[in-house]
Amino acid sequence: MSRTTLAVDVAADAHRVFKILSTTEGQRGFWTADCDVSDGRARFGFAQAPVDLEVDVTTEPGKLVRMQVTSGFPFWEGSTFEWELGPAARAETGTGILFRHYGFADGYPESDLGHTAQTWAMVMDRLAGYADTGTPQPFFPETE
């Protein structure tokens, strides 16, 4: 099974990181400015994509935000991406964020998976910056 796993430590506490990951304002601050996150559902839009990404959302406050894709990009339907929060792994203080994306449909080209992993890594970098500074820096900003 193809999967992407990434990890980063941030200075922010788990409560702040959880709020970023589980709210519209938070997701707009690091991933895409075109999104809506509500209780149990979320929609993410991207200027270059022909369709929006729609997901079911489950959470464990302060510990986990999991999103299962219900419609959107080819090979992503049925896949799950999640952020698991815990103690920082390589820092004395702060929060460790373990990101996983798994469950891609059969036939997902390896080169596409590589590009997806690279994009997620850059998104995680934006998440870390936003969590630590509070300054929004969406990877996919709004376009007109």
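One table, with the values for the structure above:
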item	result
Condition met for residue 90 (touching a residue at least 12 places away in the same chain (Cβ under 8 Å), among the basic types (Lys, Arg) and in a strand (DSSP E or B))	no
Meets criteria (open to solvent by 60 Å² or more (accessible area, probe 1.4 Å) and either in contact with a strand residue (DSSP E or B) (Cβ under 8 Å, 6 or more places away or on another chain) or over 19 Å from residue 138 (Cβ atoms) (or both)) for residue 77	yes
Considering residues of the stretch 38-74 that are open to solvent by less than 60 Å² (accessible area, probe 1.4 Å) and of a type in the set (S, T, N, Q) only, the residue farthest from residue 22 (Cα to Cα)	71
Lone unmet requirement of (1) assigned to a loop (DSSP other than H, G, I, E, B); (2) touching a His at 6+ places or on another chain (Cβ under 7 Å) for residue 81	(1)
Residue match in the stretch 109-123 (condition: open to solvent by less than 20 Å² (accessible area, probe 1.4 Å) and either under 25 Å from residue 13 (Cα atoms) or aromatic (Phe, Trp, Tyr) (or both))	yes
Subset tally (residues that are within 21 Å of residue 119 (Cβ to Cβ), of a type in the set (A, V, I, L, M, F, W, C) and over 12 Å from the mean Cα position of the chain (by Cα)) for the stretch 8-34	3
Failed item in (1) farther than 26 Å from residue 11 by Cα; (2) modelled with pLDDT of 95 or more, with residue 32 passing the rest	(1)
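The values are calculated or read from the model by the stated rules, or taken from the named source; none is laboratory data. None of these values were measured; they are calculated from a predicted model. Reconstructed Cβ throughout: ideal geometry from the backbone, glycine too, with neighbour counts over all protein chains shown. These accessible areas exclude ligands, DNA and RNA; they are computed on the full protein's heavy atoms, side chains included. Shrake-Rupley method; radii C 1.70, N 1.55, O 1.52, S 1.80 Å.
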